[in-house]
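Engineer: Quick one: the structure is below, and I'll ask about it shortly.
The values are calculated or read from the model by the stated rules, or taken from the named source; none is laboratory data. These figures come from a predicted structure and were not determined experimentally. All Cβ positions, glycine included, derive from the backbone under ideal geometry; neighbour counts span all protein chains shown. To get the accessible areas, we keep the full protein, side chains included, count just its heavy atoms, and leave off ligands, DNA and RNA. Shrake-Rupley method; radii C 1.70, N 1.55, O 1.52, S 1.80 Å.
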Amino acid sequence: MKNDNAIFYTCSLIEYIGRVTKNTRKAVVEYLGEDIDRIYKYADVFHCEPIEKVADDFIVRNHIPEGIYDVVAKAKYAVPDYWDIGEVFSRLIEDNYDDAVSGIKAVFQSWLAEKILNFNSDLYYQSREYLSACYKEGKVLAA
């Protein structure tokens with residue numbers, strides 16, 4: 001399942017929606033519910049439209065409210081864009097799950113998601129092997 005573009009797009013869209021609505025990614029996954037299956041299945045179609053439009057459609061469709069979780073505002077340093085973070089999450093899913101949709105839901109609802117999104121740490125740009133090992137161990141491992 002390596003380099004699954006549909007996982008990458010779905011993760012990037014979740015990250016984008018989280019930033020726009022200022023919700024935790026766990027909350028975004030909960031609001032999207034079964035639409036995660038739809039996004040994953042039709043990622044190649046959704047990718048043809050601007051991500052802003054696709055995100056807005058899903059925000060309206062799922063009544064995703066404005067939250068107060070703003071990881072970008074909390075960052076003291078340059079923030080990676082939503083595509084970069086989508087790639088971090090997609091690799092973590094590819095390395096730990098055979099079923100993409102289950103993996104997307106599990107990883108974004110995990111303890112590690114919020115750690116990765118702390119842009120004042122260096123965790124988000126660690127190697128995929130290291131992040132996978134942390135995920136499997138259930139804690140951030142000593143470097």
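Engineer: When only alpha-carbon atoms count, how far does segment 72-129 stretch along each of its three principal axes, as whole angstroms with the largest first?
Structural biologist: So the extents along the principal axes, rounded to whole Å, are 36, 20, 17.
Engineer: Explain nothing, just compute: Karplus ³J(HN,Hα) = 6.51 cos²θ - 1.76 cosθ + 1.60, θ = phi - 60°, for every residue of segment 114-125 in order, whole Hz, x for Gly and Pro.
Structural biologist: 5, 5, 4, 7, 7, 6, 8, 10, 9, 5, 5, 10
Engineer: If you don't mind, another one. Count of lysine pairs in segment 55-143 with Cα atoms under 20 Å apart, counting only pairs 8 or more residues apart in sequence or on different chains? All intermediate terms of the calculation are to be shown ahead of the outcome.
Structural biologist: Working: 74/115; 76/115; 105/115; 105/136; 105/139; 115/136; 115/139.
For segment 55-143, the number of qualifying lysine pairs is 7.
Engineer: How far apart, in nm, are the 7 Å Cα→Cβ label points at residue 30 and residue 96?
Structural biologist: 1.9
Engineer: Which GluC sites (Glu not before Pro) does segment 1-38 hold that lie in a coil by DSSP with at most 11 other beta carbons within 10 Å? The partial results should precede the final answer.
Structural biologist: Values: sites: 15, 30, 34; in loops: 34.
Those satisfying the criteria are 34.
Engineer: Can you give me the orientation-averaged projected area of the convex hull built on the Cα atoms of the chain, in nm²? Intermediate results must be reported in sequence, preceding the final value.
Structural biologist: Details: hull surface 31.9 nm².
Result: 8.0 nm².
Engineer: Computing the accessible area with a 1.4 Å probe over protein heavy atoms, can you report the carbon and sulfur percentage for the chain? Before the final figure, lay out the partial values.
Structural biologist: On the way: 3800 of 7410 Å².
Solvent-exposed carbon and sulfur of the chain make up 51 percent of the total.
Engineer: Pick out, in residue order, every one of the GluC sites (Glu not before Pro) in segment 49-131 that is DSSP loop and has at most 15 other C-beta atoms within 10 Å; say none if there are none. It would help to have the intermediate numbers written out before the result.
Structural biologist: Numbers: sites: 52, 66, 87, 94, 114, 129; in loops: 66.
Passing sites in segment 49-131 are 66.
Engineer: Under 12 Å from a point placed 7 Å out from the Cα of residue 66 along the Cα-to-Cβ direction: which residues of segment 16-39 have their backbone N that close?
Structural biologist: 21-22, by backbone N distance to the label point.
Engineer: Which trypsin sites (Lys or Arg not before Pro) in segment 1-69 pass both tests, a DSSP loop state and at most 14 other beta-carbon atoms within 10 Å?
Structural biologist: On the way: sites: 2, 19, 22, 25, 26, 38, 41, 53, 61; in loops: 2, 22.
Within segment 1-69, the qualifying trypsin sites (Lys or Arg not before Pro) (loop, at most 14 other Cβ atoms within 10 Å) are 2.
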